[in-house]
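First comes the structure, then the notes that go with it.
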Amino acid sequence: MAFEEKELILLVSKGNEHAFSLLFRQYHLHLASFVYKLTDSYELTEEIVQDVFLKIWINRKQLTKVKNFKAYLFTVSKNHSINCLKQVVKERAHRQHWEEEYRHLPDGNELTGYHFLLDQAIEALPPQQQKVYVLSKQQQLKYTEIADQMGISKETVKSYLKLATSTIIGYLKKHIYLLLLLIKIKF
């Protein structure tokens with residue numbers, strides 16, 4: 001049974017999965033060809049076409065307002081393709097920046113990468129916090145020993161250590177994607 005496009009669109013807008021499947025089969029090859037011309041990537045094309053049809057299904061109730069479905073479909077696809085390409089360019093720029101900035105990272109496993117990032121986070125701390133952190137975590141001194149050595153109160157040691165730990169955790173969270181990228185590049 002053949003459906004006219006308007007009838008098909010109306011059925012899709014009402015949640016008819018069979019009509020959606022027919023609509024997909026009718027347009028997906030033309031749409032994929034169009035998107036591939038924009039992206040020059042089979043993987044990205046496949047992802048975009050799936051995303052566009054998923055958007056259509058999710059927003060199916062709005063389809064009744066669309067006057068020219070084919071024009072709508074290709075416009076949505078073009079816009080989504082442009083957004084995806086912008087994201088790809090942005091990710092490549094970030095990756096290139098990271099690779100250049102961290103090319104001196106010593107070879108080794110992910111633990112080496114983690115220690116490298118941890119060292120960077122510690123180095124970025126203000127001097128007093130850095131000293132308290134190193135004395136506490138690396139030299140295993142107690143709060144009172146650190147306080148005596150630095151000439152500060154035990155409460156100040158606790159405060160510095162708490163701030164330092166929070167800053168380091170924030171730094172590691174911010175740069176964890178870098179560690180994952182470095183692991184991926186090495187393998």
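How many angstrom lie between the C-alpha centres of region 71-85 and region 125-145?
54 Å
Under 30 Å Cα-Cα from K173, which lysines qualify once same-chain neighbours fewer than 8 residues away are excluded?
Within the straight-line limit of under 30 Å, K173 reaches these lysines: K86, K90, K131, K137, K142, K154, K158, K162, K184, K186.
Across region 78-83, in residue order, what do the Karplus-derived ³J(HN,Hα) couplings come to in whole Hz, using 6.51 cos²θ - 1.76 cosθ + 1.60 with θ = phi - 60° and x for Gly and Pro?
Whole-Hz 3J(HN,Hα) from phi for region 78-83: 4, 4, 5, 4, 4, 4.
How about K61: which lysines have a C-alpha closer than 23 Å to its C-alpha, ignoring those fewer than 8 places off in the same chain?
In chain and number order, the partners are K6, K14, K70, K78.
Using the 10 angstrom Cβ neighbour count as an exposure proxy, how do V89, V132, V66 rank, fewest first?
Fewest to most other Cβ atoms nearby, the residues stand as V89, V66, V132.
Going by how many other beta carbons lie within 10 Å of each one, how would you line up V88, V76, fewest first? Write out the running numbers ahead of the final one.
Working: V88 13, V76 19.
Ranking V88, V76 by Cβ neighbours within 10 Å, fewest first, gives V88, V76.
Taking 45 Å as R0, compute the FRET efficiency from the Cβ-Cβ separation of L163 and W57 and round it to 0.05.
Working: r = 49 Å, r/R0 = 1.09.
E between L163 and W57, to the nearest 0.05, is 0.35.
In nm, to one decimal, how far is the modelled label at T144 from the one at K78, with both set 7 Å along Cα→Cβ?
7.6 nm
Just so you know, all these numbers are worked out from the coordinates, no wet-lab data involved. Small disclaimer: the values here were computed from a predicted structure and weren't measured. Please note: Cβ atoms are built from the backbone with ideal geometry, for glycine as well, and neighbour counts cover all protein chains shown.
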